[in-house]
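Please read the structure below before turning to the comments.
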Amino acid sequence: MTENTLFPATMMPDKDWWQALWPDPEAVLSAVGIKPGMEVVDLCCGDGHFTKPMCQLVYPGSIWALDMDADLLAQAGQSCEDNPNFHAILGDARELPKQIKQPVDFVFIANTFHGVPDKSALSEAVHESLKADGRFAVINWYHLPRETTRVLEQPRGPDTGLRMEPEEVKVYVEPAGFELEEVIDVGPYHYAAIFIKKD
């Protein structure tokens, strides 16, 4: 799959600085409200940095890891091969309701929402895929100048102009049938905007 078929500015970064930025992914997952027994979608899962600890955290609940990059999805599958609750889906996040057979408790997306061309359509797809009172967590870079978000002594993350504050995310997500529940810090440069599905 070529880069121009993916969402803009959402390519998977090198493992070294990604691990430095997210040394404890399970703590992030717990902080946003993912719990044992849940049915969860790791949307745009990439190489599975969050997926493997997600499998372990929710067991005996199930995980659906979706990505449109077959190579990255294969890497996620390799890291989760010992987890019987892992399910891989090769596809477009905006077609999520067609990809899973039943509503889920939680949809998690990290470091991708800023690059989705039709954020409203994605939010509507997530809404359709959730159970009543299900939650949608969007992890994004704060709108800080890229030169100030340094990891391993290098500027990291998307261009400054692509970054979104929580209020900007809210503009796209809430009209799809959500209410912003809370915003929490989940790293030196990141927040999680957690939305709950409304009746």
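The values are calculated or read from the model by the stated rules, or taken from the named source; none is laboratory data. Please read all numbers here as calculations on a predicted model, not as lab measurements. In this analysis, Cβ positions are derived from the backbone assuming ideal geometry, glycine residues included, and neighbour counts consider all displayed protein chains.
Might you check whether a residue that is in contact (Cβ under 8 Å) with a residue 60 or more places away in the chain, of a type in the set (Val, Ile, Thr), within 22 Å of Leu21 (Cα to Cα) and in contact with a Ser or Thr (Cβ under 6 Å, 6 or more places away or on another chain) occurs anywhere in the range 96-115?
Looking through the range 96-115, at least one residue is in contact (Cβ under 8 Å) with a residue 60 or more places away in the chain, of a type in the set (Val, Ile, Thr), within 22 Å of Leu21 (Cα to Cα) and in contact with a Ser or Thr (Cβ under 6 Å, 6 or more places away or on another chain).
Looking at the range 100-122, which of its residues are over 16 Å from the mean Cα position of the chain (by Cα) and assigned to a helix (DSSP H, G or I)?
The answer is none; no residue qualifies.
Take the residues in the range 136-192 that are polar (S, T, N, Q) and without any contact (Cβ under 8 Å) to a residue 24 or more places away in the chain, then tell me which one is farthest from Cys45 (Cα to Cα).
Initially, the range 136-192 is screened for residues polar (S, T, N, Q), giving 140, 148-149, 154, 160.
Now restrict to residues that are without any contact (Cβ under 8 Å) to a residue 24 or more places away in the chain: 148, 160.
On the way: Thr148: 26, Thr160: 23 Å.
The qualifying residue farthest from Cys45 (Cα to Cα) is Thr148.
Which number in (1) under 17 Å from Ile194 (Cβ atoms); (2) at pLDDT 95 or above marks the one condition that Asn111 misses?
It is condition (2) that Asn111 fails.
The rows are residues; the columns are (1) of a type in the set (Phe, Trp, Tyr); (2) at pLDDT 95 or above; (3) closer than 19 Å to Arg135 by Cβ.
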site	(1), (2), (3)
Glu39	no, yes, yes
Phe50	yes, yes, yes
Gln56	no, yes, no
Leu73	no, yes, no
Gly77	no, yes, no
Pro84	no, yes, no
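Out of all the residues in the range 44-86, which are touching a Ser or Thr at 6+ places or on another chain (Cβ under 8 Å), over 18 Å from Asn111 (Cβ atoms) and among the polar types (S, T, N, Q)?
Listed by number, the list holds a single entry, Asn85.
Would you mind finding the one in Glu168, Glu147, Glu174, Glu128 that is within 19 Å of Trp17 (Cβ to Cβ) and in a helix (DSSP H, G or I)? Show your work before the answer.
On the way: Glu168 fails: within 19 Å of Trp17 (Cβ to Cβ); Glu174 fails: within 19 Å of Trp17 (Cβ to Cβ); Glu128 fails: within 19 Å of Trp17 (Cβ to Cβ).
Being within 19 Å of Trp17 (Cβ to Cβ) and in a helix (DSSP H, G or I) holds for just one of Glu168, Glu147, Glu174, Glu128, which is Glu147.
Given the criteria touching a strand residue (DSSP E or B) at 6+ places or on another chain (Cβ under 6 Å) and either crowded, with 24+ Cβ neighbours inside 10 Å or in a loop (DSSP other than H, G, I, E, B) (or both), does Ala88 qualify? Don't jump to the end; show me each part of the working.
Working: touching a strand residue (DSSP E or B) at 6+ places or on another chain (Cβ under 6 Å): yes; either crowded, with 24+ Cβ neighbours inside 10 Å or in a loop (DSSP other than H, G, I, E, B) (or both): no.
Answer is no for this residue.
Within the range 157-181, work out how many residues are surrounded by 13 or more Cβ atoms within 10 Å (Cβ to Cβ), on the phi < 0 side of the Ramachandran plot, in contact with a strand residue (DSSP E or B) (Cβ under 8 Å, 6 or more places away or on another chain) and not aromatic (Phe, Trp, Tyr).
So the answer is 10.
List the pairs whose first member sits in the range 14-35 and is more than 22 Å from Leu180 (Cβ to Cβ) and in contact (Cβ under 8 Å) with a residue 12 or more places away in the chain, whose second member is surrounded by 15 or more Cβ atoms within 10 Å (Cβ to Cβ) and of a type in the set (Phe, Trp, Tyr), and whose Cβ atoms are under 8 Å apart, counting only residues at least 6 apart or on separate chains?
Cβ pairs passing all conditions: Leu21/Tyr189; Trp22/Phe50; Pro25/Phe50.
Of all residues in the range 12-65, how many are touching a His at 6+ places or on another chain (Cβ under 8 Å) and outside any helix (DSSP H, G or I)?
Here the count works out to 5.
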